[in-house]
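The structure appears below as structure tokens.
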Amino acid sequence: MGISFALVGGNSSLTGTNFAEVITSPVQGFFTSIGNGVGGFFEFIGQAGNYKEENKVLRDEVDAKEQTIRELESYQQENQRLRALLELKESYPQYDMVGCEVIAKEPGNWFHVFTIDKGKNYNIKKDDVVVTHKGLVGRVSQVGENWAKVVSLIDTESSVGALLPRTQDIAIVDGDLALSGNGQCRLSAVSNTSALAAGDEVETSGLGGVYPKGLLIGTIKEVINDAVGYSSYAIVDTAVDFEHVREVLVIRMPQNEIP
């Protein structure tokens, strides 16, 4: 005999079989949903290797594109530097110039002494002057068949006859060990020390038999006075960035002739 249950407040009734179905239906749905979830989880785990490989491919593509962007930026910067050197060469037709690339330097961040990729094979000789589009770099100190060494302004072995265009005073710019770490030089032996001022430009004087006149050396950053108030020397910020020298022009000066 079937068992029936009367629902309070209603006229409906459920047999034992129907009641069991009502009770178990949500439970079955719950476990079905869990089963689907577990199945999906294991399916994800099974595909994880594929996802990882796809991510690696995407990362490699991003890295390759970033590398391409860096290379393009580098080429653009190099092109700008070479264009500036060409413009400098065209601005001084009286000078016999040849473009060179820096291929080696001494250890450290600053270009005190470095090597360029041309030498006797391009008629470069000792004491030829080296410049960039920004100003004076230094001079050739040693020459090989297809290379040459350059001593820069900030090296302690460097000394340049200088002129201050604003005052027409003559001075000397020397490399200084204490200042070279900041890419700076020391200006001294000024005939009229009281006339020095921060911001004054400093150029080559043409005296001394090595450097032609009028090449920019840099600007005075600070005037250092002695105890009695007289100027003893000045610190010069060089026009050239001696931390990032890449390409230079060598002025192949006629022997014993300075324009």
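Going by the alpha-carbon gyration tensor, a ≥ b ≥ c the square roots of its eigenvalues, is the range 122-259 rounded (a/c under 1.5) or, if a/c is not under 1.5, prolate (a/b greater than b/c) versus oblate?
On the way: a/c = 2.27, a/b = 1.73, b/c = 1.31.
Since a/c reaches 1.5 and a/b is larger than b/c, the shape of the range 122-259 is classed as prolate.
May I ask you to sort D60, D155 by Cβ crowding, counting other Cβ atoms within 10 Å and putting the fewest first? Provide the component values of the computation, followed by the final result.
Values: D60 10, D155 24.
So the ranking, lowest neighbour count to highest, is D60, D155.
Under 9 Å from the Cβ of I220, count the other residues' Cβ atoms, weight Lys and Arg +1, Asp and Glu -1, and hand me the total.
Here the charged neighbours net out to -3.
How much FRET efficiency would the formula 1/(1 + (r/R0)^6) give for Q142 and D241, where r is the Cβ-Cβ distance and R0 is 25 Å, rounded to 0.05? Please report the intermediate quantities before stating the final value.
On the way: r = 24 Å, r/R0 = 0.94.
My answer for the efficiency is 0.60.
Net charge around G138, counting only other residues with Cβ within less than 14 Å of its Cβ (Lys, Arg = +1; Asp, Glu = -1)?
Details: positive: K105, K126, K134, R139, K149; negative: E106, D127, D128, D155, E157, D174, D241.
Here the count lands on -2.
Say R0 is 30 Å: what FRET efficiency, to the nearest 0.05, do A104 and T219 get from their beta-carbon distance? Walk me through the numbers before you get to the answer.
Working: r = 30 Å, r/R0 = 0.99.
Result of the calculation: an efficiency of 0.50.
Neighbour counts of other C-beta atoms within 10 Å: give me V57, V140, V102 arranged from fewest to most. If you can, show how the numbers build up before the last one.
Working: V57 10, V140 23, V102 17.
In order of increasing Cβ crowding within 10 Å: V57, V102, V140.
Around V190, under 11 Å between beta carbons, what's the net of Lys plus Arg minus Asp minus Glu among the other residues?
-2
Using the structure shown, select from K105/K213; K125/K221; K56/K105; K120/K221 the pairs with a Cα to Cα distance greater than 30 angstrom. Intermediate results must be reported in sequence, preceding the final value.
On the way: K105/K213 28 Å; K125/K221 33 Å; K56/K105 39 Å; K120/K221 38 Å.
K125/K221; K56/K105; K120/K221, as the Cα separations exceed 30 Å there.
Within a 10 angstrom radius of the beta carbon, how do S205, S152 rank from fewest other beta carbons to most? Intermediate results must be reported in sequence, preceding the final value.
Values: S205 22, S152 28.
Neighbour counts put them in this order, fewest first: S205, S152.
Each reported figure results from applying straightforward, stated rules to the coordinates on display, with no laboratory input. The shown structure was predicted, so the numbers you read here are calculated from the model rather than taken from an experiment. Glycine gets a Cβ as well: all are built from the backbone with ideal geometry, and neighbour counts include every protein chain shown.
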